[in-house]
Every structure is written in C-alpha cells, then in structure tokens.
Amino acid sequence: MGTHRTTLPGVGVQYDYTTESGQHISVVVHYDGRRFIGFYDQDDPDSCTLSVPLTPQEATGLAHLIDAAPIDAVRTDGIDLVTEHIPLGTRSPYGGRLLADTRARTRTGASIVAVLRTHSAHPSPGPDFRLAIGDTLVVVGTREGVDALSEIIAEG
C-alpha cells in the first residue's frame with residue numbers, strides 16, 4: 001500500500017495508489033483543476049480499465065464522501081491555492097538540514113506551514129527547524145509553487 005507522485009510536464013501531477021488488496025488506482029490532477037480517476041487491471045498494472053473525469057466540484061464532493069475532515073480544515077473555494085503533504089524521502093538532500101536551507105518560499109512562493117513526524121506535529125516551523133527523513137511537510141501555495149517545492153524536496 002502506498003502512493004507515488006509523478007509530475008506530468010505541461011499537464012499536472014499523477015498520483016498512483018495501490019490498496020492493501022493490490023488494486024491500482026491513479027488520480028491525474030491537471031493544472032486547470034480537472035481530475036481523472038483511473039482504475040487498473042490487477043493482472044496488468046499498465047492497463048487502465050476505466051477512467052472517470054471529475055470537475056473540481058465533483059472531486060471535492062467525492063473527497064467529502066471519503067473523508068470530510070481534511071477538506072473542511074482548509075477552505076480554498078474560488079482561490080488559486082492548494083494544500084499538499086510532501087514526504088521527505090531517503091533521496092531528499094534535506095534530511096538532517098535546517099528548514100531555512102530549502103529556501104522554499106523564496107524559490108517557489110509556497111510555504112511550509114507544518115511538519116508532521118511519526119508521533120508529533122510541528123506547526124509553523126521556523127527557519128532553524130531541523131528536518132528529518134520520514135517527515136511530511138504540509139505545504140500551501142499555488143499549484144505550480146507546490147509542485148516546484150515537491151521537486152526541490154525530492155531532488156534538491
């Protein structure tokens with residue numbers, strides 16, 4: 001079970017998710033707000049058996065049905081603003097380094113508003129906050145800014 005994020009240049013971002021039972025589902029989020037959910041054949045993970053297009057309103061409605069709490073926490077209706085969780089993986093050059101070293105806001109315009117650890121949360125971390133592999137950064141910004149920050153965190 002896990003999620004894999006892939007930037008699709010000029011299109012948006014694809015999120016691939018595999019359930020505990022082995023079902024592969026993907027969500028493609030276009031820069032213009034459109035979303036597509038794809039369902040894949042378990043015997044052929046490259047074979048999409050069904051693709052369902054969703055408007056931003058339909059995606060929000062579906063998210064409310066699945067889990068309303070995260071959607072209600074930050075309202076962005078009518079605002080070009082997204083909130084995303086970015087994992088700090090083992091390939092990131094920022095493990096063990098200070099938050100200031102990312103220069104996130106300067107480089108992307110996106111803000112790291114919290115850092116989640118296995119057993120704790122650190123809201124509004126300052127520039128002297130030391131990041132660790134396994135942290136999850138809670139980021140707010142434009143779609144482009146958040147995508148750029150995700151690339152920086154993943155690869156430096």
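The values are calculated or read from the model by the stated rules, or taken from the named source; none is laboratory data. If you're wondering where the values come from, they're calculated on a predicted model, not measured in any experiment. As a convention, Cβ positions derive from the backbone with ideal geometry for all residues, glycine included, and neighbour counts pool all protein chains shown. The area values use the complete protein model at the heavy-atom level, side chains included, leaving out ligands, DNA and RNA. Shrake-Rupley method; radii C 1.70, N 1.55, O 1.52, S 1.80 Å.
Summary table below
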{"quantity": "Among (1) 28, 19, 15; (2) 36, 14, 11; (3) 31, 18, 15, the entry that matches semi-axes √(5λ) of the Cα gyration tensor in Å as calculated here", "calculated": "(1)"}
{"quantity": "Cα centre as origin, Lys/Arg/Asp/Glu Cβ charges: the chain dipole, Debye", "calculated": "720"}
{"quantity": "Accessible area per residue in Å² at 1.4 Å probe, computed on the chain", "calculated": "59"}
{"quantity": "Using θ = phi - 60° and Karplus 6.51 cos²θ - 1.76 cosθ + 1.60, couplings along region 10-16 (whole Hz; Gly, Pro as x)", "calculated": "x, 10, x, 9, 10, 10, 9"}
{"quantity": "Per residue Cα convex hull volume in Å³ - calculated over region 84-156", "calculated": "69"}
{"quantity": "Accessible carbon and sulfur surface of the chain relative to its total accessible area, %, 1.4 Å", "calculated": "56"}
